[in-house]
C-alpha cells in the first residue's frame, strides 16, 4: 500500500485529504499538536481499513519530524509528503505595522523552516519510492497583496520558492505547491473572525489534490480552482496568477 505523511491531519484540509487517501487504500501518518483531536481523527481514518499512525507533536521540533518519518518507514516507506500544517503569525491577522517580529518568526518556523526540515528528513524514503511526491499547501496570499495577510503570505511565498527549487533539484520526484482556495476552516476563522462570508468545505477541493496524484503533472505551483476544472494541468499550472480573492 502507498504511504503518506500529512501534517495538520486532525481537521480541515489535512483531515479531508487523509480521509480520501484512506478510502483509496493508503496507509497514513498524520500529526497535530492537540492529542484529543488527533486521536479522534485517527480512529475515524482507521475505519477505512488502512493503517493509521497518529503522532502528536509540533512540526517545528526536529524530534517530532524524525518521528513522523520513522513511522512512515515502519509502514514500509513513503510515497507522499503533504506539508499542510500552517501558522498565521497573529490571530486574528494584523497589518504589518502591528505584526510582531516574534509572530512573523513563528509563521516562518511552521510554514517554511519546518516544511524544509521535514522534506530533508523524508527525502531518502521519497527517492526510494521511485515516484515520490511532495505537496506543500500554499495560498493566493503568496502572490496577491491583501491587507493583514502580509506575514502569512510572505511565509507561503517562501514555501512556494522552496517547492519550486526542490522540484528542479529532485527531478525524480513530483513537487507541487497548491493553493487550495477559500475554505471554511478553523485557520481562516482565526485569521478573519469578522468575515461573515460563506466558504466551501475543505472536502470540496480534495478532488483537485487527487487529480495531481492520478495524473502526476510536472512539478510546479497549481491552484485548486483550476485543478477542479476541465483544463489540462499545464494550463492549471500557468493559470495560478489569475486567481481572485481566495485564501
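The values are calculated or read from the model by the stated rules, or taken from the named source; none is laboratory data. Computed from a predicted structure; not experimentally measured. FYI the Cβ positions are ideal-geometry reconstructions off the backbone, even for glycines, and counts take in every protein chain you see.
General observations
- As a summary of the residue check, residue 163 satisfies the conditions (1) surrounded by fewer than 18 Cβ atoms within 10 Å (Cβ to Cβ); (2) touching a strand residue (DSSP E or B) at 6+ places or on another chain (Cβ under 8 Å) except for the one numbered (1).
- Qualifying residue in region 193-201 (condition: surrounded by 15 or more Cβ atoms within 10 Å (Cβ to Cβ) and at pLDDT 95 or above): no
- Restricted to region 7-101, the set of strands (runs of 3 or more DSSP E) holding at least 3 residues that are closer than 21 Å to residue 209 by Cα, touching a residue at least 60 places away in the same chain (Cβ under 8 Å) and touching a helix residue (DSSP H, G or I) at 6+ places or on another chain (Cβ under 7 Å) comprises 80-83.
- Exclusive hit being modelled with pLDDT under 95 and either more than 19 Å from the chain's Cα centre (by Cα) or surrounded by fewer than 21 Cβ atoms within 10 Å (Cβ to Cβ) (or both), set 77, 103, 130, 117: 130
- For region 159-182, the tally of residues that are more than 13 Å from the chain's Cα centre (by Cα) and at pLDDT 95 or above stands at 13.
- Any pair with Cβ under 7 angstrom, 6 or more apart, that starts in region 177-196 at a residue that is over 13 Å from residue 226 (Cα atoms) and ends at one that is in a strand (DSSP E or B) and at pLDDT 95 or above: 177/136; 177/221
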